[in-house]
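The next block holds one structure in the form of structure tokens; read it before the comments.
The values are calculated or read from the model by the stated rules, or taken from the named source; none is laboratory data. Source: prediction; values computed, not measured. Ideal geometry is used to build each Cβ from the backbone, glycine not excepted, and the neighbour counts take in all protein chains shown.
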Amino acid sequence: MSWRLEVAVPIPAHSALGDTLGYASAVPLAAGTLVRVPLGRREVLGVVMSASRHEEEGIGIDLKPIGGALEGLSPLDEAWRDLVAFAARYYQRALGEVALAALPPQLRELTAVQLARRRKRHAAAEPLAEPTDAMNLIALSAEQAGAL
């Protein structure tokens, strides 16, 4: 069983492609997940807007598979997606164009491998904090201790 993902990609509003493009995925992805998808001869970042089961027989449409999901990043929430959809309608721009413009620039060029490498490097550089009791950090006056 494969899944059909409706993905918002950065395409001009005047192109006759619509707001989202359909792609195939072996696993269901939550709406708001960032994915790398093929678009022409290049691979671009897109935002999953919806996912549904894809029945393969009888349709006659071959969907391209996604290039990969950016694992480790939480999906963009529904409020963010609604705001981007409103801004796209208001400014008469393509949904993917507005959605990708709202993301940090470095994230737009990031692949799943690069993201995993950065997360690993960040985790290694970050020292583990020792658990401390907040009550022992600062000596409380008698009045403060009585209030607690």
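Can you tell me which residue in the range 90-105 is modelled with the lowest pLDDT, limited to those that are exposed (fewer than 12 other Cβ atoms within 10 Å of the Cβ) and closer than 16 Å to VAL47 by Cβ? Explain how you work it out, then say what you get.
The first filter runs over the range 90-105 and keeps only residues exposed (fewer than 12 other Cβ atoms within 10 Å of the Cβ), leaving 90-92, 104-105.
Subsequent filtering for residues that are closer than 16 Å to VAL47 by Cβ retains 104-105.
Values: PRO104: 90, PRO105: 87.
If we take residues in the range 90-105 being exposed (fewer than 12 other Cβ atoms within 10 Å of the Cβ) and closer than 16 Å to VAL47 by Cβ, then PRO105 is modelled with the lowest pLDDT.
So which residues in the range 25-41 are closer than 14 Å to LEU103 by Cβ, part of a loop (DSSP other than H, G, I, E, B) and either without any contact (Cβ under 8 Å) to a residue 24 or more places away in the chain or out of contact with any Phe, Trp or Tyr (no Cβ under 8 Å at 6 or more places or on another chain) (or both), if there are any at all? Working first, answer last.
Of all residues in the range 25-41, those closer than 14 Å to LEU103 by Cβ come to 32-36.
Okay, now just the ones that are also part of a loop (DSSP other than H, G, I, E, B), so 32-33.
The answer is THR33, and nothing else.
Let's see how each residue does on (1) under 16 Å from TYR23 (Cα atoms); (2) at pLDDT 80 or above; (3) in a loop (DSSP other than H, G, I, E, B); (4) among the aromatic types (Phe, Trp, Tyr):
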{"position": "GLU43", "(1), (2), (3), (4)": "yes, yes, no, no"}
{"position": "SER52", "(1), (2), (3), (4)": "yes, yes, no, no"}
{"position": "GLY58", "(1), (2), (3), (4)": "no, no, yes, no"}
{"position": "LEU76", "(1), (2), (3), (4)": "no, yes, yes, no"}
{"position": "ALA79", "(1), (2), (3), (4)": "no, yes, no, no"}
{"position": "ALA87", "(1), (2), (3), (4)": "no, yes, no, no"}
{"position": "LEU107", "(1), (2), (3), (4)": "no, yes, no, no"}
{"position": "THR132", "(1), (2), (3), (4)": "no, no, yes, no"}
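Tell me, please, whether a residue that is surrounded by 13 or more Cβ atoms within 10 Å (Cβ to Cβ) and either modelled with pLDDT of 80 or more or within 19 Å of ARG36 (Cβ to Cβ) (or both) can be found in the range 121-130. Can you show your working first?
At the first step, the residues of the range 121-130 found to be surrounded by 13 or more Cβ atoms within 10 Å (Cβ to Cβ) are none.
So far as the range 121-130 goes, no, none of its residues is surrounded by 13 or more Cβ atoms within 10 Å (Cβ to Cβ) and either modelled with pLDDT of 80 or more or within 19 Å of ARG36 (Cβ to Cβ) (or both).
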